[in-house]
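The values are calculated or read from the model by the stated rules, or taken from the named source; none is laboratory data. Since the structure is predicted, the reported quantities are computational estimates derived from the model, not experimental observations. A quick note on method: Cβ atoms are made from the backbone with ideal geometry, for glycine too, and the neighbour counts reach across all protein chains shown.
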Amino acid sequence: MANKIYPDAKSALAGVVADNQMLAVGGFGLCGIPEALIDALKDSGVKNLTCISNNAGVDGFGLGKLLETRQVKKMIASYVGENKEFERQYLAGELELEFTPQGTLAEKLRAGGAGIPAFFTKTGVGTVIAEGKELREFDGETYVMERSLVPDVALVKAHVADKAGNLRFNLTARNFNPAAATAGKVCIVEVEKIVEVGELAPDDIHLPGIYVHRIVLNASPEKRIEKRTLSAAAPVDAASAKVQAQAAIAQAAAGSEVPGTVKNNGKQ
């Protein structure tokens, strides 16, 4: 079995990434992004990249780092998000942007990974999304043809990999990652844990290792929260809380009384 484990993100990218490539990067917002691989991509200095991703991270984190260093010439995305630099570059004409409906973007990657060169969808018909594209009628409905995406490299984040490259994702961090992994000609995966072959139960494997070419361990990713929202704590009535606590103690004690004994229920 070929060794797919690389000692760090830099070596995992070595000999694979290059100028003018198309890359698919997994994640949704900041959830499930390959943090270490993005940092190593930034440090590699490759440029004129076309990046496929739901959005481009935030200012100073995720793909936002590559926008700041001007390594990305074009984004294929469905959401500008909270990234002010992304917005600024696009409005200033410094960054090409191919806006794609989110479901269409997911299907472009899935179809690319399945060897399907194009597909028809009703999404975008009658809008600028359909301009210049083939339209066709099926059963009285108009559909637009969308070309699939087959990126040169896919950068993916999973939770666990075995040494054969079988992957398990963690909850919503799965998002675009499996589709990106299958679509990429070369798939490089960042994981938080690596186990021996056979430790993952077959039913627990979300993506088979045949799609995975290289694996790098990042056991402690930052996992930054894009927008933290906290609710204000409700005011506490101390007297009411004391009465409730005493009632709870009394109720608990009443269920365990022994005849002929005396209990102190804590009331003063």
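Remark: pairs (first residue in segment 121-144, in contact (Cβ under 8 Å) with a residue 24 or more places away in the chain; second residue hydroxyl-bearing (Ser, Thr, Tyr) and in a strand (DSSP E or B); Cβ separation under 8 Å; 6+ apart in sequence or on different chains) = 121/143; 144/121. Of the residues screened, residue 222 is one that is part of a loop (DSSP other than H, G, I, E, B), at pLDDT below 90 and touching a strand residue (DSSP E or B) at 6+ places or on another chain (Cβ under 9 Å). Can you tell which of 63, 91, 67 is without any contact (Cβ under 8 Å) to a residue 60 or more places away in the chain and farther than 17 Å from residue 38 by Cβ? So the residue among 63, 91, 67 that is without any contact (Cβ under 8 Å) to a residue 60 or more places away in the chain and farther than 17 Å from residue 38 by Cβ is 91. Does residue 53 meet the test of being of a type in the set (S, T, N, Q) and in contact with a Pro (Cβ under 8 Å, 6 or more places away or on another chain)? No, not satisfied.
Does residue 86 satisfy the condition of being touching a strand residue (DSSP E or B) at 6+ places or on another chain (Cβ under 8 Å) and part of a helix (DSSP H, G or I)? Criteria met by residue 86.
Against the list (1) at pLDDT 95 or above; (2) closer than 24 Å to residue 167 by Cβ, the condition residue 71 fails is (2).
One line per residue, one yes/no per condition, for (1) at pLDDT below 95; (2) closer than 30 Å to residue 226 by Cα; (3) among the aliphatic types (A, V, I, L, M); (4) under 20 Å from the mean Cα position of the chain (by Cα):
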| residue | (1), (2), (3), (4) |
| --- | --- |
| 79 | yes, yes, no, yes |
| 91 | yes, yes, yes, no |
| 95 | no, yes, yes, no |
| 103 | no, yes, no, yes |
| 113 | no, yes, no, yes |
| 119 | no, no, no, no |
| 122 | no, no, no, no |
| 129 | yes, yes, yes, no |
| 137 | no, no, no, no |
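Report yes if some residue within segment 16-25 is small (Gly, Ala, Ser) and farther than 25 Å from residue 165 by Cβ; otherwise report no. No: segment 16-25 contains no residue that is small (Gly, Ala, Ser) and farther than 25 Å from residue 165 by Cβ. Residues that are more than 15 Å from residue 53 (Cα to Cα), of a type in the set (A, V, I, L, M) and surrounded by 15 or more Cβ atoms within 10 Å (Cβ to Cβ) within segment 67-124 comprise just one, 111.
Listed by position, the strands (runs of 3 or more DSSP E) enclosed by segment 99-208 that each have at least 1 residues that are closer than 26 Å to residue 29 by Cβ and among the charged types (D, E, K, R) are 141-147, 153-157, 186-191, 193-195.
Between 232, 154, 248, 241, the distinction of being of a type in the set (Gly, Ala, Ser) and modelled with pLDDT of 95 or more belongs to 154 only. For residue 166, the criteria (1) in contact with a Lys or Arg (Cβ under 9 Å, 6 or more places away or on another chain); (2) within 30 Å of residue 46 (Cα to Cα); (3) surrounded by 15 or more Cβ atoms within 10 Å (Cβ to Cβ); (4) of a type outside the set (A, V, I, L, M, F, W, C) hold in every case but one, which is (1).
From the list 40, 24, 36, exactly one residue is closer than 22 Å to residue 174 by Cβ, in contact (Cβ under 8 Å) with a residue 24 or more places away in the chain, in a helix (DSSP H, G or I) and not polar (S, T, N, Q). Which is it? Residue meeting the stated conditions: 36.
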